[in-house]
1. Hey, any hits in segment 120-128 for a residue that's of a type outside the set (A, V, I, L, M) and not in a helix (DSSP H, G or I)?
2. Just one of VAL96, VAL37 is at pLDDT 95 or above and either in contact with a Lys or Arg (Cβ under 6 Å, 6 or more places away or on another chain) or under 28 Å from LEU163 (Cβ atoms) (or both); which is it?
3. Residues that are within 30 Å of VAL20 (Cα to Cα) and either among the aliphatic types (A, V, I, L, M) or surrounded by 17 or more Cβ atoms within 10 Å (Cβ to Cβ) (or both): does segment 241-254 have at least one?
4. List the residue pairs whose Cβ atoms are under 8 Å apart, where the first residue sits in segment 218-240 and is more than 25 Å from ALA7 (Cβ to Cβ) and modelled with pLDDT of 95 or more, the second is surrounded by 17 or more Cβ atoms within 10 Å (Cβ to Cβ) and among the small types (Gly, Ala, Ser), and the two are 6 or more positions apart or on different chains.
5. Can you pull out the residues in segment 268-288 that are surrounded by fewer than 16 Cβ atoms within 10 Å (Cβ to Cβ) and closer than 15 Å to GLU244 by Cβ?
6. Look at segment 26-42 and say how many of its residues are of a type in the set (S, T, N, Q) and in a loop (DSSP other than H, G, I, E, B).
7. TRP180 fails exactly one of the following numbered conditions: (1) closer than 22 Å to ASP130 by Cβ; (2) surrounded by 15 or more Cβ atoms within 10 Å (Cβ to Cβ). What is the number of that condition?
8. Return the only residue of PHE124, PHE111 being surrounded by fewer than 23 Cβ atoms within 10 Å (Cβ to Cβ) and not β-branched (Val, Ile, Thr).
Amino acid sequence: MAMQLGASIAVGDIGTGPTVMRDYAQAAEGLGFDYLVAPDHVIGIDPAKVQPGQRGSNATAYHDPFVLFGFLAGITKKIGFAAGVLILAQRQAALVAKQAASLDALCDGRFRLGVGVGWNEVEFQGLGMDFHTRGVRSAEQVRFMQALWAKDGIDFKGKYHELTDGGINPRPKSGKVPVWFGGHAEQTLKRVAKYGDGFMPNRWPPGDDVLKIFERLRGMIIEADRKPEDVGLEVWVSPGKGNEEDWRREMTFWKKAGVSHVLAHTTFTSAIHERIAGKSYDDHLKAITRYRAAIADLL
């Protein structure tokens, strides 16, 4: 099966208006990208109050993924959408299930719901959610949402969620919205293996370490009486780092490793990722155009 190639949407760089969002999405679709990814942050720290070394300023713009993809669904034809990642634990699970199901209907099933536990405590404060229970709560939220997507009426009783004879409408035609887990903790691997549709880490570079993790995950999936081929793997790559030869070498590694989705991210920065140098619309479009041309035959 061919790998899918995605592109990030650099809202914070290119602007938030409808014209630039439309143009970028349609351009990516025209180039042959399979999906678009948008991140999620509801609240940021006042830039004037950010401490040295502190992350999470609201100086960068972030669109709500459901609103953005709902808009883009109507002006694209086949390109997919993925939240990368939605901070689930700071939201009400039933509302997220409803939003995801509505988006699934509006984009004809082109949406994947990437979820993570979050790290910026100010967001949880502003949304009235407990920061310290976010991991265990997030796990139960996914099970609650999957139940709501699967049937018209459900009875659910967990530690954090309870519902008697309730349901949502519309529900996804397939009975599910694919849930992909971001993160790198052992608990994340367990959740992916038991009930995730995919795993989207961004911490590990090509090498033996990540191959061992993927192999261990596949073993855990089999132990959960599921098939490894039914659980996708997504990694992030940087068009702002290296050259065509480097990109092809990296893509070849990921393909051999069994990765199903590769996201060309133009702004993510980490120990192994670099953002592109420019910040204009043209800078981002040129970067993803060049990247895809370099590796297209490897997909």
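The values are calculated or read from the model by the stated rules, or taken from the named source; none is laboratory data. Just so you know, these numbers come straight off a predicted model, no measurement behind them. Here the Cβ is made from the backbone with ideal geometry for all residues, glycine too, and neighbour counts use every protein chain on show.
1. yes
2. VAL96
3. yes
4. That search, which allows pairs on different chains as well, returns MET220/ALA193; ILE221/ALA193; GLU223/ALA193; ALA224/ALA193; ARG226/ALA193.
5. The one that is surrounded by fewer than 16 Cβ atoms within 10 Å (Cβ to Cβ) and closer than 15 Å to GLU244 by Cβ: LYS286.
6. Residues that pass the stated criteria total 0.
7. Among (1) closer than 22 Å to ASP130 by Cβ; (2) surrounded by 15 or more Cβ atoms within 10 Å (Cβ to Cβ), the lone unmet condition for TRP180 is (1).
8. Answer to the selection: PHE124.
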